[in-house]
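Worksheet: the structure to be examined is printed underneath.
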Amino acid sequence: MSFFSSRPAAELRPAPGQARGQWALHLGFGLVFAAISLVNHYNFRTFALDLGMTTHALRELTHLRAPITTLLTDSAPTSFFSAHFTLIPVLVAPLYWLFGSWTLLLVQLGAVLLGGRGVWVFARGRGASSAEANLGLAYFYSLWGIYSALSFDYHDNVVGSMALPWLLHWFRQRRWAAAALAFGLLLVSKENMALLGAAVAVGAAVQYRRHPRLVLVALLGAVAAVLYFALVTKWLMPALDYAHRPFQQLVRFKHLGASLPEVIGNVLRHPGLFWQSLFVNITGDPAYDYIKLETWAVLLLSGGLALLLRPWYLLMLVPVLAQKLLSNDYGLWGINGQYSIEFAPILALAVVETARQLAAPGTRRRYLVVTLSLAALTTVVTLYVRRSKWYSRESSNFLVKRHYRSKLNVAGLHAALARVPAEASLSAQSNLAPWLTNRAKLYHFPVLGDAQYIAVLQPPAESTWPLNAEEHAALLTRLRARPNIRVVYEDSQFVLLRRDTVVVGPAAR
């Protein structure tokens with residue numbers, strides 16, 4: 001059989017028991033993933049950024065309006081697409097009528113399961129047995145990057161990353177239309193995902209370097225991705241921004257240069273700076289020591305050796321590693337949040353391909369079992385303890401009871417939020433905002449704007465960012481004292497205020 005020949009359908013079809021094993025993995029891990037993200041949402045552990053802001057955009061799109069986000073704390077109302085250029089909300093907007101504030105979390109969950117199915121299909125397409133493909137699938141579902149991403153809200157790059165297994169599977173099969181669809185989804189999922197798309201294309205060109213047609217297609221894809229990134233970040237997003245500001249995400253790399261080409265040039269001219277940035281805390285504050293080393297250790301323990309054995313997959317991860325480790329923001333360095341999701345599919349594909357290079361079926365099986373076991377153990381350990389800052393165990397660790405509980409009277413708070421008038425302009429605390437998107441103007445407290453109503457938790461409150469708990473309590477006291485503000489509803493944990501007259505000025509921000 002030639003390298004590119006398709007395996008017969010009957011050969012790809014698993015035995016009944018093995019088929020049940022695959023779907024049992026999808027179901028079992030799907031329930032675990034739901035127990036993370038959906039439980040967090042019900043317990044008010046999702047936030048204005050990003051679930052509230054993206055759901056608000058979703059709601060505006062269902063009303064056929066250009067989405068204007070009012071939830072950014074550092075910006076006047078501006079186009080949603082100027083903050084992050086993603087077309088995922090456009091593609092899934094009709095689902096908002098069915099699922100409301102749950103829509104994007106369900107989309108994200110479904111995308112991860114489709115990504116898992118893609119890993120299984122990818123493995124079978126490369127000659128893995130059904131049992132080996134099931135081990136590869138279990139490995140993918142056990143990776144820490146998925147758990148970290150699902151524990152913190154909704155993010156479009158999670159959805160885009162799940163197209164990778166399908167993209168590389170269809171590319172190898174020369175199914176150009178399907179591969180183009182997956183590549184397009186990757187690009188439009190978020191502006192910086194275009195750089196990942198370019199790296200994936202270059203990695204594919206290296207892998208299939210003996211096949212000129214595939215190399216040509218891959219390099220054309222890389223060029224298209226870079227041009228798309230330049231178009232979106234240099235012209236489109238600034239044009240949509242209220243003040244036509246340049247691409248805002250580059251502020252994280254300002255210590256390396258004022259523009260992306262300057263950053264790349266400085267890194268190439270000063271390799272010592274590059275290597276230092278990959279491993280060392282650059283803030284000078286010892287509180288942030290060893291975060292980067294934790295990332296490298298977790299990556300190595302979770303099957304990272306396969307990246308060295310199949311180096312084109314390491315090449316694909318270059319923009320992900322650069323985004324994380326070259327940044328001046330220590331929140332990106334570690335294994336928290338959505339900043340590690342891209343590792344999951346790429347690691348899984350690298351491990352599957354490495355296994356296929358082992359001649360004996362027993363050796364392949366042992367390699368997959370050991371790699372899966374190490375990855376699962378690493379994930380479990382890091383659910384309990386990690387060096388990365390801002391880690392919330394109650395949001396992430398589905399194995400502890402307090403994940404399923406809340407300090408709030410959750411049912412009572414949901415009932416109280418029903419008293420907030422729909423469509424009225426509102427300033428809401430961060431963890432209340434995702435539930436209150438049914439209005440054109442929704443501000444991120446303490447930004448008031450022209451909000452008629454203010455919805456916040458009573459002190460002492462959590463999730464008060466960008467204020468701390470003391471600032472939150474002091475501001476609420478000052479608002480209560482204003483003659484134009486009155487209490488509409490109040491209980492032991494929630495207060496709804498109404499502004500009888502709204503004067504928009506400097507104090508509104």
### Message
Within the stretch 256-265, does at least one residue satisfy the condition of being under 25 Å from the mean Cα position of the chain (by Cα), polar (S, T, N, Q) and in a loop (DSSP other than H, G, I, E, B)?
### Response
yes
### the stretch 262-295, residues that are closer than 16 Å to Leu321 by Cβ and without any contact (Cβ under 8 Å) to a residue 12 or more places away in the chain
Ile264, Leu268, Pro271, Trp275, Gln276
### Query
Do the conditions hold for Pro446, that is, is it assigned to a loop (DSSP other than H, G, I, E, B) and more than 31 Å from the chain's Cα centre (by Cα)?
no
### Task
Kindly indicate whether Leu317 is of a type in the set (A, V, I, L, M, F, W, C), touching a Pro at 6+ places or on another chain (Cβ under 8 Å), within 27 Å of Val370 (Cα to Cα) and crowded, with 18+ Cβ neighbours inside 10 Å.
no
### Query
Within the stretch 333-354, is even one residue in contact (Cβ under 8 Å) with a residue 12 or more places away in the chain, surrounded by fewer than 22 Cβ atoms within 10 Å (Cβ to Cβ) and over 17 Å from the mean Cα position of the chain (by Cα)?
yes
### Task
Quick one: which residue in Val206, Val188, Val226 is closer than 22 Å to His56 by Cα and among the aliphatic types (A, V, I, L, M)?
Val188
### Within the stretch 296-332, tally of residues that are more than 16 Å from Thr382 (Cβ to Cβ), touching a residue at least 60 places away in the same chain (Cβ under 8 Å) and small (Gly, Ala, Ser)
2
### Task
Inspect all residues belonging to the stretch 405-416 and state whether any of them is surrounded by fewer than 20 Cβ atoms within 10 Å (Cβ to Cβ) and in contact with a helix residue (DSSP H, G or I) (Cβ under 6 Å, 6 or more places away or on another chain).
no
### Task
Might you check whether a residue that is of a type in the set (A, V, I, L, M), modelled with pLDDT of 95 or more and assigned to a loop (DSSP other than H, G, I, E, B) occurs anywhere in the stretch 82-95?
yes
#### Entry: Residues located in the stretch 378-403, provided they are in contact (Cβ under 8 Å) with a residue 12 or more places away in the chain, surrounded by 13 or more Cβ atoms within 10 Å (Cβ to Cβ) and in a helix (DSSP H, G or I)
Thr378, Thr379, Val380, Thr382, Leu383, Glu394, Ser395, Ser396, His403
### Task
Hey, can you tell me all the residues within the stretch 424-444 that are free of Cβ contacts under 8 Å to residues at least 40 places away in the same chain, hydrophobic (A, V, I, L, M, F, W, C) and either out of contact with any strand residue (DSSP E or B) (no Cβ under 6 Å at 6 or more places or on another chain) or surrounded by 24 or more Cβ atoms within 10 Å (Cβ to Cβ) (or both)?
Leu426
### Message
The conditions are (1) of a type in the set (A, V, I, L, M, F, W, C); (2) in contact with a Phe, Trp or Tyr (Cβ under 7 Å, 6 or more places away or on another chain); (3) assigned to a helix (DSSP H, G or I), and Ile335 fails exactly one of them. Which is it?
### Response
(3)
### Task
Would you mind listing the helices (runs of 4 or more DSSP H) fully within the stretch 171-250 where at least 2 residues are among the acidic types (Asp, Glu), touching a residue at least 12 places away in the same chain (Cβ under 8 Å) and within 28 Å of Asn328 (Cβ to Cβ)?
none
### Index of the failed condition, Ala57 passing every other in (1) farther than 30 Å from Arg439 by Cα; (2) small (Gly, Ala, Ser); (3) modelled with pLDDT of 95 or more
(1)
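Quick one: is Ala359 in contact (Cβ under 8 Å) with a residue 24 or more places away in the chain and in the same structural domain as Val200 (by TED's automatic domain parsing)?
For Ala359, the condition - in contact (Cβ under 8 Å) with a residue 24 or more places away in the chain and in the same structural domain as Val200 (by TED's automatic domain parsing) - is not met.
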### Task
Go through the stretch 73-82 and give me each residue that's surrounded by fewer than 20 Cβ atoms within 10 Å (Cβ to Cβ) and touching a strand residue (DSSP E or B) at 6+ places or on another chain (Cβ under 7 Å).
Thr73, Pro77, Thr78, Ser79
### His414 being closer than 29 Å to Leu135 by Cα and outside the structural domain of Leu278 (by TED's automatic domain parsing)
no
## Note on the structure
All-but-one check, Ser427 against (1) assigned to a helix (DSSP H, G or I); (2) closer than 23 Å to Gln458 by Cβ, failing number (1)
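The values are calculated or read from the model by the stated rules, or taken from the named source; none is laboratory data. No experiment lies behind these values; they were computed from the predicted model shown. Cβ sites come from the backbone with ideal geometry, for glycine too, and all protein chains shown count toward neighbours.
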